[in-house]
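Worksheet: one structure, shown below.
Quick note: the coordinates plus some simple rules give every number you see, no bench work behind them. Just so it is clear, the model here is predicted, and its values are computed rather than measured. Glycine also receives a Cβ, built like all others from the backbone with ideal geometry; neighbour counts cover every protein chain displayed.
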Amino acid sequence: MGCYPSKNTDSKASRVARWQATGIVALRDSKLKTFPDEVLDLDRSVRTLDVTNNKIVDIPMEVCKLTNMQRLILADNLIERLPMNLGKLQSLKVMILDGNHITTLPDELGQLVRLERLSVSRNLLSSLPETIGSLRNLLLINVSNNKLISLPESVGSCFSLEELQANDNLMEGLPSSLCNLIHLKSLCLDNNNIGQLPSSLLKDCKALQKVSLHGNPILMDQFQQMEGFEDFEARRKKKIDKQIDSNVMISSKGLDEGVDL
């Protein structure tokens with residue numbers, strides 16, 4: 001009687017072949033505790049790696065072999081730290097780390113110069129590395145639901161930034177360099193301890209359409225008295241009118257007025 005490959009072996013082989021053909025490794029909800037070796041062995045074939053909702057604790061150093069990877073999605077795992085050689089993933093454009101146990105981000109983060117979207121919400125971060133300012137192509141940063149006391153001054157060097165989400169942290173103020181972000185459209189800072197914004201924020205950030213400050217001690221009067229408020233308000237209303245004209249669905253909270261009294 002001849003020998004036949006087991007069903008599991010055949011399934012694994014076909015799965016790896018599919019990953020190589022598509023460049024997409026999708027392992028959501030797979031009860032993983034470690035990175036599968038067969039993924040790391042794919043080297044340059046991987047363009048997207050999604051291991052959302054597993055029980056992975058460590059990202060192996062060998063992940064740096066995936067040099068063509070553009071999307072790394074590691075949300076809802078048990079990850080505590082990122083590998084120090086993370087910066088070798090030079091093709092990376094999207095990195096999603098939401099819902100882990102990460103306490104610090106390595107300085108090597110700044111080497112990911114092609115990164116466009118960085119989301120590390122629902123972690124344990126108390127600070128961000130100054131090297132984040134090297135991410136000149138970054139369009140979105142989401143650091144909500146952490147323990148951040150402040151944002152680094154260097155964030156003002158993320159010149160392409162359009163959206164900054166930092167809700168549910170411990171921040172009392174913002175760096176003045178934020179005013180350098182001339183492409184910034186949305187600034188969400190709900191549930192912090194912010195009592196004052198950089199004085200020229202509304203004047204210098206000429207693309208800004210949304211500022212959400214619910215759950216902060218800042219007063220509406222303070223916000224309305226800032227230089228550039230009238231132009232900001234005009235942009236905000238124009239955006240709302242466009243949403244209404246386009247029949248865009250509005251959330252149950254209605255249209256955000258920007259500041260909660």
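Neighbours of Val94 by Cβ distance under 14 Å: Lys/Arg scored +1, Asp/Glu scored -1, total +1. In straight-distance terms, cross-link reach from Lys242 covers every one of the aspartates and glutamates whose alpha-carbon lies under 12 Å from its own, apart from those fewer than eight places away in the same chain; here that gives an empty set.
Determine the shape class of the range 129-230: with a ≥ b ≥ c the square roots of the Cα gyration tensor eigenvalues, call it rounded for a/c under 1.5, and otherwise prolate if a/b is greater than b/c, oblate otherwise. Could you put the intermediate results ahead of the total?
Details: a/c = 1.75, a/b = 1.16, b/c = 1.51.
Since a/c reaches 1.5 but b/c is at least a/b, the shape of the range 129-230 is classed as oblate.
Taking all Cα pairs closer than 8 Å and separated by 6 or more residues, the relative contact order of the chain comes to 9 percent.
Along its first, second and third principal axes, ordered by size, the range 8-67 spans 27, 27, 17 Å in Cα coordinates. Between Gln90 and Asp37, the modelled labels are 2.9 nm apart [label points 7 Å from Cα along Cα→Cβ]. Which of Ser177, Ser14, Gln225 sits closest to the plus end of the dipole of the chain, meaning its Cα is farthest towards the positive end, when Lys and Arg get +1 and Asp and Glu get -1 on the C-beta? Highest projection toward the positive end goes to Ser14.
Bridgeable lysines around Lys33 (alpha carbons under 28 Å apart, same-chain partners fewer than 8 residues away excluded): Lys7, Lys12, Lys55, Lys65, Lys88, Lys93, Lys147. Normalised by residue number, the volume inside the convex hull of the Cα atoms of the chain is 142 Å³ per residue. Counting only DSSP beta bridges whose two residues both lie in the range 21-243, roughly 0 percent are antiparallel.
Label-to-label distance for Ser30 and Ser160 is 2.9 nm, based on points extended 7 Å past Cα in the beta-carbon direction. Based on DSSP H segments of at least four residues, each scored -39500 (n - 2.57), the chain has a per-residue ellipticity at 222 nm of -5000 deg cm²/dmol. Tally Lys and Arg at +1 and Asp and Glu at -1 over the other residues with C-beta under 14 Å from the C-beta of Leu105: what net charge comes out? Once all neighbours under 14 Å are counted, the net charge is -3.
How charged is the neighbourhood of Met69? Take every other residue with its Cβ under 13 Å from the Cβ of Met69, and add Lys/Arg as +1 and Asp/Glu as -1. Kindly include the intermediate steps, with their values, before the conclusion.
Working: positive: Arg44, Arg47, Lys65, Arg71, Lys88, Lys93, Arg114; negative: Asp43, Asp50, Glu62.
Residues close to Met69 contribute a combined charge of +4.
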